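For reference, the structure is listed below as structure tokens.
The values are calculated or read from the model by the stated rules, or taken from the named source; none is laboratory data. Since the model is a prediction, treat every value here as computed from it, not as a measurement. All Cβ positions, even for glycine, are placed from backbone atoms using ideal geometry, and neighbour counts span all protein chains on display. Side chains are part of the model used for accessible areas, which takes the heavy atoms of the whole protein and leaves out ligands, DNA and RNA. Shrake-Rupley method; radii C 1.70, N 1.55, O 1.52, S 1.80 Å.
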Amino acid sequence: MGNITFVMIKPCAVSHEHIGEILSIINKAGFHFVSIKMLHISKSQAEKFYAVHAEKSFYKDLVEFMSSGPIVAAILQKENAVNDFRKLIGNTNPANADEGTIRKMFATSVQENAVHGSDSDENAVIESNFFFSQIERFYR
Ligand code: GTP
Ligand code: MG
């Protein structure tokens with residue numbers, strides 16, 4: 001266990017034409033792409049995906065933002081995938097993200113922070129199942 005994580009390239013980074021650069025960084029960091037697709041989620045899908053944040057002050061804005069344009073969704077495979085990917089993306093707030101992290105390079109604010117990464121092995125499975133069926137997965 002612990003070898004997959006679920007990621008999204010958020011609408012801000014897609015509209016700024018950063019898909020290619022971000023995918024390249026992910027690949028060079030040693031992650032294998034199990035699944036990948038581009039799609040535009042509805043408001044109700046964004047509400048479901050971020051339901052854990054329903055009580056937060058930023059929930060409504062977050063849902064609006066995540067359904068504002070296309071995203072890239074992917075499942076990544078690597079030993080220790082969840083923690084290694086969280087390290088690669090950096091702090092939620094780009095102002096606090098380390099140099100060389102994806103959020104330091106591509107996030108423009110705490111909300112428009114370029115990428116999503118699962119925060120646990122359990123959530124990686126739940127989030128992957130939200131977006132991908134079994135026949136869309138190519139494990140190494
Ligand atoms: P994700 O990988 O997207 O889940 O980010 P995270 O795990 O680093 O942060 P968290 O799950 O706490 O928050 C989910 C998302 O909500 C963040 O990535 C931001 O896009 C947004 N968010 C978090 N905190 C704030 C905030 O204080 N203000 C606003 N406007 N958005 C926030
Ligand atoms: Mg999170």
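Give the residue that is surrounded by the fewest Cβ atoms within 10 Å (Cβ to Cβ), with candidates limited to residues of region 68-93 that are over 17 Å from Ile19 (Cα atoms) and in contact (Cβ under 8 Å) with a residue 24 or more places away in the chain.
Among those that are over 17 Å from Ile19 (Cα atoms) and in contact (Cβ under 8 Å) with a residue 24 or more places away in the chain, it is Glu79.
Regarding Ser133, is this residue surrounded by fewer than 18 Cβ atoms within 10 Å (Cβ to Cβ) and closer than 20 Å to Lys48 by Cα?
For Ser133, the condition - surrounded by fewer than 18 Cβ atoms within 10 Å (Cβ to Cβ) and closer than 20 Å to Lys48 by Cα - is met.
Report those helices (runs of 4 or more DSSP H) wholly inside region 1-56 carrying at least 1 residues which are open to solvent by 20 Å² or more (accessible area, probe 1.4 Å) and under 17 Å from Ala124 (Cα atoms).
Hits in region 1-56: 43-49.
How many residues does region 94-116 hold that are open to solvent by 70 Å² or more (accessible area, probe 1.4 Å) and farther than 21 Å from Ala74 by Cα?
6
Could you grab me the full set of residues in region 90-114 that are within 16 Å of ligand 2 (Cβ to nearest atom) and small (Gly, Ala, Ser)?
Gly90, Ala97, Ala107, Ser109, Ala114
Check off (1) within 15 Å of ligand 2 (Cβ to nearest atom); (2) closer than 13 Å to Ile26 by Cα for Ala124 and give me the number that stays unchecked.
Against the list (1) within 15 Å of ligand 2 (Cβ to nearest atom); (2) closer than 13 Å to Ile26 by Cα, Ala124 comes up short only on (2).
Under 6 Å between Cβ atoms, at least 6 apart or on separate chains: pull out the pairs that start in region 44-63 with a residue that is within 18 Å of Thr92 (Cα to Cα) and near ligand 1 (Cβ under 7 Å from one of its atoms) and end on any residue that is open to solvent by less than 50 Å² (accessible area, probe 1.4 Å) and aromatic (Phe, Trp, Tyr).
These pairs meet every condition: His53/Tyr59; Leu62/Tyr50.
Go through region 85-130 and give me each residue that's part of a helix (DSSP H, G or I) and either under 12 Å from the mean Cα position of the chain (by Cα) or within 11 Å of ligand 1 (Cβ to nearest atom) (or both).
Selection gives Phe85, Arg86, Leu88, Ile89, Pro94, Asn96, Ile102, Arg103, Asn123, Ala124, Glu127, Ser128.
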